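Novice: Before I ask anything, here is the structure I am working with.
The values are calculated or read from the model by the stated rules, or taken from the named source; none is laboratory data. Computed from a predicted structure; not experimentally measured. Just the protein is used for accessible areas: all its heavy atoms, side chains included, with ligands, DNA and RNA removed. Shrake-Rupley method; radii C 1.70, N 1.55, O 1.52, S 1.80 Å.
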Amino acid sequence: MLKLPQSIKVVEVGPRDGLQSLPKWIDTDTKVWMVDRLSALGLPVIEVASFAHPKVVPNMRDAEEVFARIQRRPGTVYRGQAPNVRGAMRAVDAGVDEMLGLICATETYTRKNQNMSVDEAVAANIRSFEIAQANGIAFVMAIGMAFWCPYEGIVPDQAVIELVGRFHAAGMRHIYLAGSIGMEDPAHVGRLFAKLYQAHPDLELGFHVHNLSGMATGNIVAALDAGAHWLEGAICGIGGGMAMPTTIGSVGNFPLEDMVMLLDEMGVATGLDPEAVIAAAQEIGQRLDIDVRSHRANGATRANVLKMGKDNPHVHP
């Protein structure tokens with residue numbers, strides 16, 4: 001029998017991880033509106049922006065202005081990504097509630113994505129963590145490519161365990177594993193979470209979900225069964241890695257609306273109204289002028305299918 005939690009925290013990463021990957025500029029007014037629209041859902045955490053260098057991630061060049069203009073809802077944590085030490089200092093100045101560090105578990109992707117070695121990235125993230133601590137800001141460490149890398153393939157469990165161990169020794173207790181491309185499988189997900197909890201029982205681990213292979217729902221259930229503390233998705237399924245092979249296709253984040261409805265149907269409370277999340281996805285998709293990449297926002301809900309059955313029943317000839 002699956003061991004499912006009674007409730008789970010759901011994190012929305014669309015305004016950062018989603019918008020930074022779009023092939024077009026989204027103006028600041030729209031970004032602020034999007035964050036405020038997501039805040040109205042009552043989300044516990046919203047990832048607002050990245051403090052990457054504007055030349056590296058031009059879609060995030062207005063990060064400070066977005067943070068300055070959003071309407072902060074009591075009870076919602078507004079997170080900013082700090083991919084390096086300079087980004088961490090900018091995040092402090094912008095008044096983030098939570099800072100997100102970044103590293104990838106493979107040498108190849110870390111060099112492509114952050115232009116540094118894994119060892120250099122470890123040192124930089126520990127420094128960012130110290131900056132956050134000194135300023136009373138919560139810190140979450142993101143480990144990208146934690147299961148599978150488009151350049152190196154399957155990532156050995158031990159590589160991630162050793163990486164988490166280095167961050168744990170530095171004092172970090174909130175870490176998420178990212179299936180950054182969505183090619184992992186449920187057995188791998190469950191096994192790695194279990195090993196990490198066994199090695200460090202005081203850790204709180206999250207799962208950042210992508211779905212290129214179509215296995216995301218199975219991977220989510222495996223993470224829940226293994227004791228994940230939170231899940232991360234993006235409204236409308238937008239987003240993806242910044243250093244992916246150019247012909248790989250869509251590697252968008254798992255849609256928040258699909259995630260919330262899945263959890264609701266399994267009896268796992270999120271504190272969110274699934275129908276309200278679907279409505280927000282439809283509005284945001286229209287405002288951004290993008291296709292909404294989710295099953296639920298495109299009609300695949302139990303209520304909608306029942307209505308189809310009532311209004312358009314199949315009749316035998």
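Novice: Please report, in Å, the Rg and the Dmax of the chain, where both are computed over Cα atoms only.
Specialist: When restricted to the Cα atoms of the chain, Rg and Dmax are 19.0, 74 Å.
Novice: Hey, another quick one. For region 1-151, calculate the relative contact order in percent as a whole number, restricting contacts to Cα pairs under 8 Å that are 6 or more residues apart.
Specialist: Computed over region 1-151, the figure is 19 percent.
Novice: Could you give log10 I(q)/I(0) at q = 0.12, 0.15, 0.16, 0.18 Å⁻¹ for region 77-225, computed by the Debye formula over C-alpha point scatterers of equal weight, without solvent?
Specialist: -0.47, -0.73, -0.83, -1.04
Novice: If you don't mind, there's one more thing I want to ask. Using a 1.4 Å probe, what is the accessible area per residue for the chain, in Å²?
Specialist: Per residue, the chain has 42 Å² of solvent-accessible surface.
Novice: Something else: Straight-line reach only, C-alpha to C-alpha below 21 angstrom: list the lysines that Lys112 could link to, leaving out same-chain residues fewer than 8 apart.
Specialist: Once the sequence-local lysines are set aside, what remains near Lys112 is Lys55.
Novice: Below 8 Å, C-alpha to C-alpha, sequence gap of six or more: please give me the relative contact order for the chain in percent.
Specialist: Relative contact order, the chain: 18 percent.
Novice: Return the tail of the calculated pair distribution for region 19-65, meaning the percent of Cα-Cα pairs more than 16 Å apart.
Specialist: In whole percent, the long-distance tail amounts to 39.
Novice: Also: Counting DSSP beta bridges in region 1-157, what percent are antiparallel, to the nearest 5?
Specialist: So the antiparallel bridges in region 1-157 amount to around 10 percent.
Novice: If you don't mind, another one. For region 14-61 and region 184-241, what is the separation of their Cα centres, given in Å?
Specialist: Cα centroid to Cα centroid, the span is 23 Å.
Novice: Hey, can you grab everything whose amide H is under 5 Å from the amide H of Ala142? Only 5+ residues off in sequence or another chain; H modelled, so Pro and N-termini drop out.
Specialist: Sorted by chain and number, the residues that satisfy this are Gly101, Leu102, Ile103, Tyr176.
Novice: Just the projected area, averaged over all directions, of the convex hull on the alpha carbon atoms of region 108-176: how many nm²?
Specialist: 4.5
Novice: At a 1.4 Å probe radius, carbon and sulfur cover how many percent of the accessible area of region 95-164?
Specialist: Percent of accessible area from carbon and sulfur atoms in region 95-164: 47.
Novice: From Cα coordinates alone, what are the radius of gyration and Dmax values for region 8-97 in angstrom?
Specialist: Rg, Dmax (Cα atoms, Å): 12.1, 37.
Novice: If one takes the longest principal axis of the Cα atoms in the chain, at what angle in degrees, from 0 to 90 and to the nearest 10, does the Cα axis of helix 186-199 lie?
Specialist: 40
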